[in-house]
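First the structure, in the form of structure tokens, and then the observations on it.
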């Protein structure tokens, strides 16, 4: 597999000295791209922080409606958590396989990541539907508005991640594991791991503290 | 040629360097630690293992521990020179997150306690 890419900056210094901090020349493109995407992830975290703050402020305002303790089913939350955690794990293994040019392993781990993420989303959506059915929709109280906004925004991120994963796997199948695709995969795995970190906050603050 | 040499023969030397920082083992260790922290959180929330008023603190400590595990083992944030910029950005992001959440909770709690009693009608 010989692929010519135009993004190789000619460097006069050994690259092991290049760390993007002024000494030793430009950092590898892989490092720079991951840094840019990391900034995006952190700004996304700040948006989630605003939603967490709204939930923390409104969690007691049930307006006579059902509270978290009456609505949350910790058993399915635990299953959701495990789905997302294992999905994060297989995503890491997939990224590692791609880095090591093992296309077969990459496709297996990519499929596992997708199935686990989709299972998470399915459980979450059916819980939402169940709550709306019981009359505990987002318009019932301030608590439920904040709950559906926060958890729904996380679910929306997971759904976008699944769509992006299908798109990336299609790129890998069409173009092979070339450098540009590998960098996109690296960014996607950062995104997916970050979603799992947000979920740690969600299940702790919303579900566990709300139910106990 | 063998091993990593052959895998990366089509690259110009040095530029897209291969960094063997991550390994299957580190992800597996991270998964194990994260599972332990998750199960501990659920147990603490649903049993009387912890003194009841201490449960929220215990949950927050476990959540921070798990976030740390995710950052180190899944996001592979290390102490290497490559990660200096990432760590600095993370520190700034955490500062903003803390200000937004703690500030909102503090201000609204203060407003709530200074509210006039609402008359029901």
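The values are calculated or read from the model by the stated rules, or taken from the named source; none is laboratory data. Quick caveat: nothing in here was measured; it's all calculated off a predicted structure. With ideal geometry, Cβ positions are generated from the backbone for all residues, glycine too; neighbour counts draw on all protein chains shown.
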If you scan region A:136-161, which residues turn out to be touching a residue at least 24 places away in the same chain (Cβ under 8 Å) and more than 28 Å from residue A:91 (Cα to Cα)? A:136, A:140, A:141, A:142, A:143, A:144, A:145, A:146
Kindly provide the set of residues from region A:170-208 that are within 11 Å of chain B (Cβ to nearest Cβ), free of Cβ contacts under 8 Å to residues at least 40 places away in the same chain and over 14 Å from the mean Cα position of the chain (by Cα), ordered by number. A:204
Please work out if residue A:124 is assigned to a helix (DSSP H, G or I), modelled with pLDDT of 95 or more and either within 14 Å of the chain's Cα centre (by Cα) or within 11 Å of chain B (Cβ to nearest Cβ) (or both). no
Would you mind finding the one in A:48, A:109, A:52 that is touching a residue at least 12 places away in the same chain (Cβ under 8 Å) and within 26 Å of residue A:177 (Cβ to Cβ)? A:109
Would you check if residue A:112 is buried (at least 17 other Cβ atoms within 10 Å of the Cβ) and assigned to a helix (DSSP H, G or I)? yes
If you go through region B:39-70 one residue at a time, how many are closer than 22 Å to residue A:52 by Cβ, surrounded by fewer than 19 Cβ atoms within 10 Å (Cβ to Cβ) and facing another protein chain (nearest Cβ under 8 Å)? 2
Just to be sure I understand, how many residues within region A:191-209 are surrounded by fewer than 21 Cβ atoms within 10 Å (Cβ to Cβ) and at pLDDT below 95? 2
